[in-house]
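Bear in mind that the values in this text are calculations on the coordinates, not laboratory data. Bear in mind the structure is a predicted one, so any value in this text is a computation, not a measurement. FYI the Cβ positions are ideal-geometry reconstructions off the backbone, even for glycines, and counts take in every protein chain you see.
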Amino acid sequence: AREAHLRSILETIPDAMIVIDARGRILSFSAAAERMFGYSEAELLGENVSVLMPSPDRERHDSYLERYYATGERRIIGIGRVTTARHRDGATFPIDLHIGEAEIDGRRVFTGFIRDLTERQQAELRVHDLQ
Ligand code: HEM
């Protein structure tokens, strides 16, 4: 019942929420994430989160995790970052990424919240054009 409740909350959050394990493998992928990236959760469970980003981050994301374990230095966790994501169809789009860290049953997981900035960026460009 608790799981179902959590699921129903996740259905309604407009931002994508993605949970990964310590090796970057996707553990959960919210309904908004499915809409944003064009993949179903079932297709991505166990896949590396790097499928959601363009090169060169795609090839480097595992090393970003390694760097974090080696140094303990947080560069996005608790800070946030405007960066670029990749849709299933190959199109890239601007995002605001927030990452949190948690422990579930003694295992390290990361929760990512992603807001699609496409509309905001287009609005900014229109404002710019009007000036
Ligand atoms: C680190 C890109 C999604 C978890 C990084 C870094 C980059 C990056 C560039 C290294 C930061 C630096 O060294 O300055 C991206 C892009 C994403 C994405 C483009 C687009 C989809 C995610 C998601 C999660 C995640 C969804 C978690 C659910 C992490 C963690 C680190 C990291 C744990 C290391 C800790 C830190 O640097 O604070 N990512 N990432 N990333 N990313 Fe991602």
query: Hey, rough spin-label estimate for Asp105 and Glu73, points 7 angstrom out along Cα→Cβ, what's it come to in nanometres?
result: 3.5
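Determine the calculated [θ] at 222 nm for the chain from helices alone, applying -39500 (n - 2.57) to every DSSP H run no shorter than 4 residues and normalising by the residue count; nearest 500 deg cm²/dmol. The partial results should precede the final answer.
On the way: 5 runs with 50 residues, N = 131.
It lands at -11000 deg cm²/dmol.
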- request: Report the relative contact order of region 2-130, percent, no decimals, based on alpha-carbon pairs under 8 angstrom and at least 6 residues apart.
  value: 23
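Suppose a student asked you for the relative contact order of region 27-84, using Cα pairs under 8 Å spaced at least 6 residues apart; what percent would you report?
This gives 22 percent for region 27-84.
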- request: State the answer as a single residue: which of Phe29, Phe93, Pro56 lies farthest towards the positive end of the charge dipole of the chain, with beta carbon charges of +1 for Lys and Arg and -1 for Asp and Glu, about the Cα centre.
  value: Pro56
